[in-house]
Structures are given as structure tokens and as C-alpha cells.
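Right, one structure below, let's go through it.
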Amino acid sequence: MRTRVWGAVTMASGLVLAGCGSADEGTTVTAPSPAAEQVRTVEHAAGATEITGTPERVVVLDTGELDAVLALGVTPVGAVRTGVSDELPAYIEEAGVDPAEIANVGTIAEPALEEIAALEPDLILSNSVRHEAIYDQLSGIAPTVFAEAIGETWEDNLRLAGEALDMSDEAEQLLADYEERAAEVGALYGDPAATEVSVVRFLDGSAVRLYGEGSFIGDVLGDVGFARPEVQRTTETFVEVSPEQIGQADGDVLFHASYGDEGRTAAGEITSGGLWQGLTAVQQGRALEVSDDRWFLAIGPLGAGLVLDDLERFAQQLQG
């Protein structure tokens, strides 16, 4: 698993204020007052942000940041929704979190700034890919920390969230546990490098996305040890093909998911057609439908763990 290093976190020491007084005997004594709260400076994609103490009221503006804070045991007071649903990704309930506790603050594309401000957050987490244009507005509401990218960089994004939340050790432990589990799941497939795994996502009827090594799911599959079909051996998040080019989606194993109602409609039309039915993976019963929430929206340690759960469950089925 790749390890990247973010900018150093500098620690600003609290100042202990001392007062002087005179005792009856004329002796000068020092009476310490409580130490000021620790201030940490976190360097990130949009600059450097000072964070006082440990944040307790966190707002997250993308699904990756939502996944990261939940994995660290923090339930945000507010989170955006996707463009196709007013509900949070279903998998978070599997993490024991009640979605009703997390206020709706707009969508990923259009965060509701007034609603964010009304929650009086002490930390906002997002990324430059989604919200670079409104960073100044967000940082005017509360200390704001931005990851540089999304998808393949989920491990670094978790580390950054851990810094912002003063939970760096916990973030590193999550990643160490994940790496160990990924190796265990890979061993269930014997030599996973001998298996080319294709990942397909249906969004609408105009194009199909084949997810590359540069995506969140591509990173997880790589950590397990799988090979990828040639067209998906790319640092890009995905490659789009037309429904007529669906033959490029073939692999030894094919995992597919649908995003929203339009995606489900498109999936029904394409997977019932002759081109899809002619894929080797389909004919051999090695084309498996997976949860879009878990494989594509999570983009964090919880999602990665759920993907590993699925792969563990599929291992015996695929080898039978």
C-alpha cells in the first residue's frame, strides 16, 4: 500500500499565564492559571489551518470525508448528500451510526452554506476537487481542511482527517489493520495476481465507466493483489465506453454496480443485451453485482473494509 507524506504539522505551545501576589510575610508567590488550549497547525491542499483543541462539531462535504470521520469514531453534526438521493449511503448504518443524527447540509455539488453555519461547526472537512471555489467561504465559517484529491488517495485523506481531529495514531492503526486484512483476503484467492478483475459502473444509458487502478476501488483491489484488464490499467479514475463497446469490460471476474435510478435502468438494458451476455465472465457465472454505496461512494476505511467483506464472501463462490 502506498504511503504518502503530507506537510508537517506544527504544534503551537500553550502559554501558561502566571500571576504574582504577596504573602503576609512579603514573600512573592506564583499562582499558575489553567493552560491555554493546544493549537495545532494543519497543512493541507488549500493552505494551513489552525485548529484549537479537539474538534467536536464536524461537518463533512464529501463521502470520503464522511467515511473517514466515522471510521475514527466521530459522528459529524452535518454532511452533504449525493445528487441522486436525500439519504446518506446505506452502509453507514452497518457502522452503527444513526443517519438521523447527521443533519443534511445540501449536496456534494451545492453545499448549503447557511445550514452549515447554523450548526456552528468547529471543523469542516472536504477536498479541493469538489469545493476549491468555496474554500474562503467555508473557512469563514469554521477551520476548514481540504484533501488534495479523492479516490486512490483515500489513505492519505484518512491521515489528513486524523491530523485535523487530533487522531493521527488512530488513523495509522486503521490503515495497518486494513493492510493486514487485504493480504488475508488476497490469500483466499491463491494467487490473486493471476486473476484479472474488471470493475464496471452504470450511471446512465449514454456511457459505462470501467474503473481504473487510479480509483478508490482500483486501489483496494490492488492491495488485495488482483491484476486488472489492460484497459483498466490506468492511473485515471475510470475510462468511459459506450454501451456498444461493453466488450472491453470483460475480465476473469467482473464486478458491476449501478448509481441511482438512471444507472439501474441502464444496467437492466445493457446486461440483458447480447453484447453483455457474450462476455466470458458472464457466461462463466463470474459477473457479480455489488453495492454502489460500498464500492464507489464510501471511499474510505469503512468502505474498504466492506469491499474486503464482499471479496471474502465471493472467494468460495468464484472458486467453486
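The values are calculated or read from the model by the stated rules, or taken from the named source; none is laboratory data. Values in this document were obtained by computation on a predicted structure and should not be read as measured data. When we count neighbours, we look across all protein chains shown, and the Cβ atoms used for this are built from the backbone with ideal geometry, even at glycine.
Scanning the range 116-154 for residues that are among the polar types (S, T, N, Q) and surrounded by 16 or more Cβ atoms within 10 Å (Cβ to Cβ), we see that the one that is nearest to residue 303 (Cα to Cα) is 153. As for the range 129-136, it holds no residue that is touching a residue at least 24 places away in the same chain (Cβ under 8 Å) and over 14 Å from residue 46 (Cα atoms).
Matching residues to (1) under 21 Å from the mean Cα position of the chain (by Cα); (2) more than 22 Å from residue 150 (Cβ to Cβ); (3) polar (S, T, N, Q); (4) at pLDDT 95 or above:
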{"residue": "209", "(1), (2), (3), (4)": "yes, no, no, yes"}
{"residue": "219", "(1), (2), (3), (4)": "yes, no, no, yes"}
{"residue": "227", "(1), (2), (3), (4)": "no, yes, no, yes"}
{"residue": "230", "(1), (2), (3), (4)": "no, yes, no, yes"}
{"residue": "233", "(1), (2), (3), (4)": "no, no, no, yes"}
{"residue": "238", "(1), (2), (3), (4)": "yes, no, no, yes"}
{"residue": "250", "(1), (2), (3), (4)": "no, yes, no, yes"}
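Residues satisfying the criterion are absent from the range 190-204 (criterion: over 25 Å from residue 279 (Cα atoms) and either of a type in the set (D, E, K, R) or surrounded by fewer than 16 Cβ atoms within 10 Å (Cβ to Cβ) (or both)).
Residue-by-condition table, conditions (1) assigned by TED's automatic domain parsing to the domain that holds residue 197; (2) free of Cβ contacts under 8 Å to residues at least 40 places away in the same chain; (3) surrounded by fewer than 20 Cβ atoms within 10 Å (Cβ to Cβ):
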| residue | (1), (2), (3) |
| --- | --- |
| 233 | yes, yes, yes |
| 242 | yes, yes, yes |
| 247 | yes, yes, yes |
| 254 | yes, no, no |
| 262 | yes, no, yes |
| 267 | yes, no, no |
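Residues of the range 62-90 that are more than 18 Å from residue 294 (Cα to Cα), buried (at least 16 other Cβ atoms within 10 Å of the Cβ) and in contact (Cβ under 8 Å) with a residue 60 or more places away in the chain: 74 alone.
Residues that are more than 24 Å from residue 306 (Cα to Cα) number at least 2 in the following helices (runs of 4 or more DSSP H) confined to the range 52-131: 113-118, 128-131.
Residues that are in contact with a helix residue (DSSP H, G or I) (Cβ under 6 Å, 6 or more places away or on another chain) and surrounded by fewer than 19 Cβ atoms within 10 Å (Cβ to Cβ) within the range 271-281 comprise just one, 275.
For the condition assigned by TED's automatic domain parsing to the domain that holds residue 305 and out of contact with any His (no Cβ under 6 Å at 6 or more places or on another chain), residue 172 does not qualify.
The criterion of at least 1 residues that are among the basic types (Lys, Arg) is met by the following helices (runs of 4 or more DSSP H) wholly inside the range 206-320: 260-271, 301-319. The requirement of being of a type in the set (Val, Ile, Thr) and at pLDDT below 95 is not satisfied by residue 58. In the range 40-50, is there at least one residue being modelled with pLDDT under 95 and not charged (D, E, K, R)? Scanning the range 40-50, I find no residue that is modelled with pLDDT under 95 and not charged (D, E, K, R), so the answer is no. Selection of the range 267-294 for residues being of a type in the set (A, V, I, L, M, F, W, C) and either touching a Ser or Thr at 6+ places or on another chain (Cβ under 6 Å) or at pLDDT below 95 (or both) yields only 267.
Residues that are farther than 19 Å from residue 174 by Cβ and either out of contact with any Asp or Glu (no Cβ under 9 Å at 6 or more places or on another chain) or without any contact (Cβ under 8 Å) to a residue 24 or more places away in the chain (or both) within the range 288-309 comprise 289, 292, 293, 296, listed in sequence order.
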